[in-house]
Amino acid sequence: MTIDLTDTTTGAISNALTEARRRLGGMTMGMVLTLIIVTDEEGQYDAIRAANEAAREHPCRILAMITRRPKADSRLDAEIRVGEASPGETIVLRMYGPLGQHADSVAAPLLVPDVPVVTWWPDRAPEVPAAHPLGVLAQRRVTDSAAADMPQAVLADLARAYRPGDTDFGWTRATAWRSLLAATLDQPHPKLEAGEVQAEQENPTADLIASWLNLKLDIPMRRTVSGGPGITRVSFDTSDGDITISRLDGRTATLSWPGRPDRMVALHRRETAELLAEELRRLDPDEVYAETLRRLDTRGIETAPVVDPEADERVIS
Amino acid sequence: MTMPNAGTRGPAPANPGVIATADDPANPLRDPRDRRIPRVAGPCVMVMFGVTGDLARKKLMPALYDLANRGLLPPGFSLVGFARRDWEDEDFAQITYESVKEHARTPFRETVWQQLSEGVRFVPGEFDDDAAFDTLARTVSQLDRERGTGGNYAFYLSIPPKFFPTVVQQLKRSGLSDPGPADPVTGRTSWRRVVIEKPFGHDLESARELNAIVDAVFPAHSVFRIDHYLGKETVQNILALRFANTLYEPIWNRGYVDHVQITMSEDIGIGGRAGYYDGIGAARDVIQNHLLQLLALTAMEEPVSFAADSLRQEKEKVLSAVRLPVDLAAGTARGQYAAGWQGGRQVLGYLEEDGIPPDSRTETYAAVRLMLDTRRWAGVPFYLRTGKRLTRRMTEIALMFQRAPHLPFAATDTKELGQNALVIRVQPDEGVTVRFGSKVPGGAMEVRDVNMDFAYGQSFTESSPEAYERLILDVLIGDPPLFPRQEEVELSWRILDPIEQFWAENTKPEQYVSGSPGPASADAMMARDGRAWRRL
């Protein structure tokens, strides 16, 4: 059911929630967390849809915080959805006027007691997520650097602002690639001399993968540019030739290994809901992300001389 | 068991069967803190015998697809079917495609299917046909060359045990079971693993014979016995509940627990399984494996780690401490379903089912009372029951606690207060319930039982992997904690054999009406102890 409350308070929202639950026959769910989504009217539909889908794996209370018309008089409107798309509860909160500056006063009383809080910025990441009023409430803060106009600059800001509990979808998108790379190097392989990550120009995931490989394998990594979609190739130079994973269609990757038959493996780009579900699976600080991000920030990605006329190269070593 | 691969680490070649290529500590990309990266199987081929069976179509092939879809199968993974059918690779691929489309848990993706289907092969033949196994051997070595599967083979014997001797001997004769010498350059050996399904024999002797057959060809560490119950999330959660919390362990003993009830009830009859079921019965079919495994996980001491060996040691210890009732007539019960109404439909009795002899003495319901001779459980009975055509389908472990030694209330106030209980619901509606007394709102002091409920929840379980996904992945990785060892199988038969023998010599199963909670003798067995079964 959907309940609309206009010009309301968090107390009234809590009462309405209790009442709704009672009317639905006490069908409460064991909610495992509160998910705060910081969004706007334009982004809210997609974000809530993805969150509802992720909530199937992680039943939660979703608080969608939307700021509207900062010049208007302060007012809080709420739209409560229970027993519909997701197993938990969704509350869309629209804050008018100066109230928009005090979103935490709206969110805090509505957090599910005793369970973790995750704050997600699907669109624009704040400068310091851990210091944002809605980030302070959460132990896990999820940003998406790829949503910005200048992802690399945003990632650099996030690196400097990093506090344990921060994470970025740029890193989440790397998981499938990283697990394939780890599985590839599980096999006995010749010594790796250097490596390359090839992707679209603005692709924080590719930068993070290059930085991660540089950190873990201690080999120089090149970052080259292609037309996409997403990441198109990761390869290692070895004395026996190149070990290459290429993915040109964003769906299926080919693993080429010197002296062995090429092998295909599904490596599809994932939907927002899947990324969010992965983020909600672990709520402790991601140390490997922290180290990778720090390495990216300190060593940076330098632009190397363009060897291939089609490829613009940057190197971290 | 979420402990990644603790059991698979260690110095390499001595134990090639459990050394997984995944999780190699030498791989710098594998960081124990990096839990986003899943365990992925190394390059390999799965050879499946009995691909035309229900299990293969409904569970195994969909599970393989789901694993591929989750990115957990290695590049080049190949599946070879072997059966007595006049099929080409494409026919088998088509059958696999249909079973995946119909039964897979995760959404169907054409690209994933493409990748999987490129590695699908079929070898037609009888089990005693040397030529067919030679073809099989050529097929897999060709896959090694074409798809880089590295000479690693898992043989899944989804076939009746009577075929094991032939198939296992054929694998030996054709050289398929032999991993060959270590690679001169890397020093690695390829692996062979064999997967078998229950029944692991029908008594101690036959279990040993069966084991001897497999053991003659495959070393013990490369034999994986599937008890799909152990792949279920809730069953693994027993370990988390007990050993990750402080709340339960202090009361998990004879000081607080009055008795334990472990139940697996089914609402269906034997269906088309008459040939298999008659002569086997409920106790051999369910108690010997599933219920005794649940008992072991519930009653065992804390393992020193979740490595396969530590876990199995604790399970074996507690299974070896099981003591049977002195009077087997009073401490056991068995029944056979009679015609009646189950779930709103009129159903036949067991003796009227197709293929069942009218004088069959096979039980479809079995209950036993077991005691454990340990300090923790001395004097606490464990009641195990299972049956077909009962009121509803349900599997649970219920710890029933002692009543409070003193109640500072008037007797009438606590009339409706039962025993506190902690119930682990294995299926359906997986979760945990704690039952305790609470004051009924109102002017009078009246205490009544209420439930505190943790549910994995309908929607939640939708995305949790099927038991077979977990188990197949563990086989391919070579991670054995969830698979019972031969010792456990033998210990279970030691418990069950005297009961079966007593039943065979002394009793006839009592008829119970379909849709009822079981035979009256089972209720009488509890009543003698001053207890009652939990309602189904």
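The values are calculated or read from the model by the stated rules, or taken from the named source; none is laboratory data. Everything numeric here is computed off the predicted structure, so don't read it as measured data. All Cβ positions, even for glycine, are placed from backbone atoms using ideal geometry, and neighbour counts span all protein chains on display. Accessible surface is based on the protein model in full, side chains and every heavy atom, while ligands, DNA and RNA are left aside. Shrake-Rupley method; radii C 1.70, N 1.55, O 1.52, S 1.80 Å.
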Next item on the list: Grab the strands (runs of 3 or more DSSP E) fully contained in the stretch B:87-200, keeping just those with 1 or more residues being under 25 Å from B:Ala220 (Cα atoms).
Entry: B:153-157, B:192-197
Check: Residues that are among the β-branched types (Val, Ile, Thr) and under 14 Å from A:Thr292 (Cα atoms): which helices (runs of 4 or more DSSP H) entirely in the stretch A:122-209 hold 3 or more of them?
Finding: none
Checklist line | Condition met for A:Arg233 (open to solvent by 10 Å² or more (accessible area, probe 1.4 Å), within 11 Å of chain B (Cβ to nearest Cβ) and touching a Lys or Arg at 6+ places or on another chain (Cβ under 9 Å)) | finding: no
Note to self: Can you go through B:Ile226, B:Ile196, B:Ile238 and tell me which one is surrounded by fewer than 20 Cβ atoms within 10 Å (Cβ to Cβ) and among the hydrophobic types (A, V, I, L, M, F, W, C)?
What the structure shows: B:Ile238
Checklist line | Set B:Val40, B:Val45: member being within 24 Å of the chain's Cα centre (by Cα) and either facing another protein chain (nearest Cβ under 10 Å) or open to solvent by 10 Å² or more (accessible area, probe 1.4 Å) (or both) | finding: B:Val40
Item checked: Every residue from the stretch A:186-218 that is open to solvent by less than 10 Å² (accessible area, probe 1.4 Å) and more than 14 Å from A:Ala146 (Cβ to Cβ) -> A:Asp186, A:Gly195, A:Val197, A:Ala210, A:Ser211, A:Trp212, A:Leu213, A:Asn214
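One line per residue, one yes/no per condition, for (1) free of Cβ contacts under 8 Å to residues at least 40 places away in the same chain; (2) touching a helix residue (DSSP H, G or I) at 6+ places or on another chain (Cβ under 6 Å):
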| site | (1), (2) |
| --- | --- |
| A:Glu84 | no, no |
| A:Tyr96 | yes, no |
| A:Arg124 | yes, no |
| A:Ser145 | no, yes |
| A:Phe169 | no, yes |
| A:Arg173 | no, yes |
Next item on the list: Kindly provide the set of residues from the stretch B:429-449 that are open to solvent by 70 Å² or more (accessible area, probe 1.4 Å) and over 40 Å from the mean Cα position of the chain (by Cα), ordered by number.
Entry: B:Lys439, B:Pro441, B:Gly443, B:Met445
Notebook entry, point to check: Among the helices (runs of 4 or more DSSP H) confined wholly to the stretch B:203-315, which include 2 or more residues that are of a type in the set (Val, Ile, Thr) and more than 24 Å from B:Leu370 (Cβ to Cβ)?
Noted result: B:204-215
Note to self: Go through the stretch B:351-376 and report how many residues are more than 30 Å from B:Trp252 (Cα to Cα) and under 25 Å from the mean Cα position of the chain (by Cα).
What the structure shows: 3
Next item on the list: Only residues that are buried (at least 20 other Cβ atoms within 10 Å of the Cβ) and hydroxyl-bearing (Ser, Thr, Tyr): list them for the stretch B:133-157, please.
Entry: B:Thr149, B:Tyr153, B:Tyr156
Check: Among the numbered criteria (1) surrounded by fewer than 21 Cβ atoms within 10 Å (Cβ to Cβ); (2) over 24 Å from the mean Cα position of the chain (by Cα), which single criterion is violated by B:Arg70?
Finding: (2)
Check: What is the residue count in the stretch B:345-354 for residues that are assigned to a loop (DSSP other than H, G, I, E, B) and open to solvent by 70 Å² or more (accessible area, probe 1.4 Å)?
Finding: 2
Check: Can you name the residue in the stretch B:344-367 that is among the aliphatic types (A, V, I, L, M) and in contact (Cβ under 8 Å) with a residue 40 or more places away in the chain and, of all such residues, is nearest to B:His202 (Cα to Cα)?
Finding: B:Ala366
Check: Here is a list of conditions, (1) surrounded by 23 or more Cβ atoms within 10 Å (Cβ to Cβ); (2) among the small types (Gly, Ala, Ser); (3) more than 17 Å from B:Ala26 (Cα to Cα), and A:Ser226 meets all of them except one; can you say which number that is?
Finding: (1)
Item checked: Residues (free of Cβ contacts under 8 Å to residues at least 12 places away in the same chain and either surrounded by 21 or more Cβ atoms within 10 Å (Cβ to Cβ) or more than 10 Å from chain B (Cβ to nearest Cβ) (or both)) located in the stretch A:282-298 -> A:Thr298
Check: What number of residues within the stretch A:254-272 satisfy the criterion of being over 30 Å from A:Thr143 (Cα atoms) and either among the hydrophobic types (A, V, I, L, M, F, W, C) or more than 9 Å from every other protein chain (Cβ to nearest Cβ) (or both)?
Finding: 6
Note to self: I'm trying to understand the selection: among the residues of the stretch A:105-121, which are surrounded by 16 or more Cβ atoms within 10 Å (Cβ to Cβ) and part of a helix (DSSP H, G or I)?
What the structure shows: A:Val106, A:Ala107, A:Leu110
Notebook entry, point to check: Of all residues in the stretch A:246-271, how many are touching a residue at least 24 places away in the same chain (Cβ under 8 Å) and open to solvent by 60 Å² or more (accessible area, probe 1.4 Å)?
Noted result: 3
Checklist line | Hits in the stretch B:49-67 - residues which are open to solvent by 10 Å² or more (accessible area, probe 1.4 Å) and of a type outside the set (Lys, Arg) | finding: B:Gly50, B:Thr52, B:Gly53, B:Asp54, B:Leu55
Check: Here are some conditions: (1) in contact with a Ser or Thr (Cβ under 6 Å, 6 or more places away or on another chain); (2) more than 30 Å from A:Ile245 (Cα to Cα); (3) basic (Lys, Arg). A:Arg173 meets all but one. Which one does it not meet?
Finding: (2)
Check: Tell me, which residue of the stretch A:159-207 that is in contact with a Gly (Cβ under 9 Å, 6 or more places away or on another chain) and among the aliphatic types (A, V, I, L, M) is nearest to the other protein chains (Cβ to nearest Cβ)?
Finding: A:Ala183
Next item on the list: Being over 26 Å from the mean Cα position of the chain (by Cα) and acidic (Asp, Glu) is the filter; apply it to the stretch B:99-126 and report the residue that is nearest to the other protein chains (Cβ to nearest Cβ).
Entry: B:Glu118
Margin query: A:Thr298 - would you say it is at pLDDT 80 or above and over 21 Å from the mean Cα position of the chain (by Cα)?
Written below: yes
Item checked: Per-region count, the stretch B:483-533, residues assigned to a helix (DSSP H, G or I) and open to solvent by less than 60 Å² (accessible area, probe 1.4 Å) -> 20
